[in-house]
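Trainee: This is the structure I have questions about; it appears just below.
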Amino acid sequence: MAGEQDVRRIALGLDGVVENPSDGFDFRVRGKGFVWSWPERVPGRRRVIRTDVAVLYVGDEAEKQALLRGEPDLFFTDPGHEPWPLVLLRLDRVADERLAELVGDAWRMRVDEAGRG
C-alpha cells in the first residue's frame, strides 16, 4: 500500500505545491496546508510525528463524517483534529490510486478557497 514517499510524489506533482521543512511531510498550496504527517499527541509525552498517517484536508464537516463513517478502516480522527475539516488517513491501508485521488481533492479544495479569498 502507500507510504510517505507516495504522498510526497503525488503532492509534488501538483501545481504550486511547496513542501515545508518538517520531521515528516507537510505540503501547502498558496499558503494553505492540504496534507501533512500526523503529529500524534500522547498525554504526558512529547508529540511524535507519524509518517504512516496523513492528516488530510477534506473541506467541510459533511465530507469528514462521510469518510469517517463510510471507511473507518482508512480514516479516523483524534481530539486535536476533531473540530476541523480534517481526517487522519492510515497510509498502509490505502491504494496508490485512491491516495492520489484524496491528495488531489484536498489540493483542489485549497486552491479553490485561495481563489475565492
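The values are calculated or read from the model by the stated rules, or taken from the named source; none is laboratory data. Quick caveat, the model's predicted, so the values are computed rather than measured. Cβ: placed from backbone, ideal geometry, glycine included. Neighbour counts: every protein chain shown.
Trainee: Within region 1-26, can you find the residues that are under 12 Å from Gly104 (Cα atoms) and either in contact with a Gly (Cβ under 8 Å, 6 or more places away or on another chain) or acidic (Asp, Glu) (or both)?
Mentor: Within region 1-26, Ile10, Leu14, Asp15 qualify.
Trainee: If a residue must be outside any helix (DSSP H, G or I) and free of Cβ contacts under 8 Å to residues at least 40 places away in the same chain, how many such residues does region 81-108 contain? Walk me through how you get there before you give the answer.
Mentor: Our first condition is that a residue be outside any helix (DSSP H, G or I); within region 81-108, this holds for 81-90, 94-95.
Among the residues that remain, those that are also free of Cβ contacts under 8 Å to residues at least 40 places away in the same chain are: 81-87, 89-90.
Result for region 81-108: 9.
Trainee: Hey, another quick one. So is Val18 among the hydrophobic types (A, V, I, L, M, F, W, C), in a strand (DSSP E or B), without any contact (Cβ under 8 Å) to a residue 40 or more places away in the chain and farther than 22 Å from Met1 by Cβ or not?
Mentor: Yes.
Trainee: Another question about this same structure. Quickly run through region 88-100 and pick out the residues that are within 16 Å of Ala11 (Cβ to Cβ) and surrounded by 15 or more Cβ atoms within 10 Å (Cβ to Cβ).
Mentor: Correct list: Leu89, Leu91, Val94, Arg98, Leu99, Ala100.
Trainee: Among Ala62, Ala54, which is the only one that is hydrophobic (A, V, I, L, M, F, W, C), free of Cβ contacts under 8 Å to residues at least 60 places away in the same chain and not in a strand (DSSP E or B)?
Mentor: Ala62
Trainee: Still on this model: Check Pro85, Pro79, Pro43 and return the single one that is farther than 22 Å from Arg9 by Cβ and modelled with pLDDT of 95 or more.
Mentor: Step by step, each of Pro85, Pro79, Pro43 is checked, and only Pro85 is farther than 22 Å from Arg9 by Cβ and modelled with pLDDT of 95 or more.
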